[in-house]
Amino acid sequence: MFNSGANLRASLRASWRRVDFRGGAAYTFGMTIWFASGNEHKRAELSAILPQVELRVPADAGLAFDPVEDGDEFLENALIKARSLFRLVKQPVIADDSGLCVDTLDGRPGIHSARYGCVGDVRLGDAERNALLLSEMEGFPMRGACFVCAMVLLFNENRFFAVQETLEGELLREPRGEEGFGYDPLLYLPEQRCSVAELPPELKNTLSHRAKAARAIAAWLELQNPSGL
Ligand code: IMP
């Protein structure tokens, strides 16, 4: 019998709902994916790119989540976060690890971006961290830098999809802009002629390292489930 496009899509959808990711719920429209982060800026950015997914963070469930990120690379740390949260929730998890890499500083602060300049366990605020980086960069004419984001969508200990993306720019000599968070006021984007913190949030969310990584994850989900996302 002739199967119309709509019928085909409906039957694909029905069969997809029976697929189990082994260790997690089947992927369906509106499924829950945990996000291994306490950063609400990041959750908002990711939610905008995966609007069909309910993103839950550990704090939503009152979970204490502070894994030791002792990897040597962004990707290693993203996997550490993803696996740690998966062990707690036994559901699909997205985790990312990101930071600012400055060419002249051999890629620092890099994986230590969040802890850059911290004394013991006490972290600096964004403004203090930015001031410290600018002082370290004083006198350096070469200003190339980029944000890096490694992102992992993990379904169980052994099954995951991973991607690493960048947002390239130049380090400014003083902070510019009020939007965003972290090092956003320091990274100038020549093509946009402004700093990341001067971009409207919607535009940052199409250009950023995290947005590009999240879109790759969304595309991968789409490949698994043409009818869902
Ligand atoms: P993470 O939460 O371990 O990935 O640490 C990331 C750190 O890198 C943040 O605390 C920020 O300082 C910095 N960072 C990562 N992504 C961004 C961004 O999009 N804008 C500004 N700073 C960022």
Legend entry - Check on Gly125, farther than 30 Å from Leu50 by Cα and surrounded by fewer than 17 Cβ atoms within 10 Å (Cβ to Cβ): no
Legend entry - Within region 88-109, tally of residues that are on the phi < 0 side of the Ramachandran plot and without any contact (Cβ under 8 Å) to a residue 12 or more places away in the chain: 1
Inset, instruction - With a cut-off of at least 1 residues that are aromatic (Phe, Trp, Tyr) and more than 15 Å from the ligand (Cβ to nearest atom), name the strands (runs of 3 or more DSSP E) lying wholly within region 136-229. - result: 144-156, 159-171
Legend entry - Only one of Leu46, Leu50 that is more than 18 Å from Asn156 (Cβ to Cβ) and more than 15 Å from the ligand (Cβ to nearest atom): Leu50
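Would a scan of region 47-57 turn up a residue that is small (Gly, Ala, Ser) and not in a helix (DSSP H, G or I)?
no
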Inset, instruction - Hey, could you check region 96-125 for residues that are in a strand (DSSP E or B) and at pLDDT 95 or above and say which is farthest from the ligand (Cβ to nearest atom)? - result: Val102
Legend entry - Output for region 68-86, where each listed residue is free of Cβ contacts under 8 Å to residues at least 24 places away in the same chain and of a type outside the set (Asp, Glu): Val68, Ile80
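The values are calculated or read from the model by the stated rules, or taken from the named source; none is laboratory data. Note that this is a predicted model, so its numbers are computed, not measured. All Cβ positions, even for glycine, are placed from backbone atoms using ideal geometry, and neighbour counts span all protein chains on display.
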